[in-house]
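Below: the structure, in structure tokens.
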Amino acid sequence: MTKNFIKWLKAAAVRAIKTVAQTAVATIGTSAVMGDVNWIMVASASALAGVLSLLTSVAGLPEVED
């Protein structure tokens with residue numbers, strides 16, 4: 001693996017983890033207001049957000065120079 005790919009992978013992983021956490025917090029907050037937290041929905045929405053974040057990172061990350 002090249003040094004640039006490893007740098008990209010780390011940056012993409014950090015973004016994905018942050019996205020998963022943000023989605024979980026937002027979903028839990030919304031569910032709590034409605035009265036019941038559906039943990040399966042929280043997990044699936046958060047996982048999907050993480051996958052989408054990684055796929056979006058393929059287009060490029062400003063933290064990683066070309």
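The values are calculated or read from the model by the stated rules, or taken from the named source; none is laboratory data. Worth saying up front: this structure is predicted, and the values here are computed from it rather than measured. Methodologically, a virtual Cβ is constructed for each residue, glycine included, from the backbone with ideal geometry; neighbour enumeration extends over all protein chains shown. These area figures cover heavy atoms from the full protein model, side chains too; ligands, DNA and RNA do not enter into them. Shrake-Rupley method; radii C 1.70, N 1.55, O 1.52, S 1.80 Å.
Which ones in the stretch 23-66 are under 20 Å from L9 (Cα atoms) and assigned to a helix (DSSP H, G or I)? Spell out how you get there, then give the answer.
Step one: list which residues in the stretch 23-66 are under 20 Å from L9 (Cα atoms), which gives 46-66.
Residues satisfying the conditions are S46, A47, L48, A49, G50, V51, L52, S53, L54, L55, T56, S57.
Comparison of N38, N4 shows that the only residue that is open to solvent by 60 Å² or more (accessible area, probe 1.4 Å), in contact (Cβ under 8 Å) with a residue 60 or more places away in the chain and not aromatic (F, W, Y) is N4.
Within the stretch 22-35, the residues that satisfy the criterion of being open to solvent by less than 50 Å² (accessible area, probe 1.4 Å) and within 12 Å of the chain's Cα centre (by Cα) are T23, A24. Filtering the stretch 41-63 to residues that are polar (S, T, N, Q) and loosely packed, with under 14 Cβ neighbours inside 10 Å leaves only S44.
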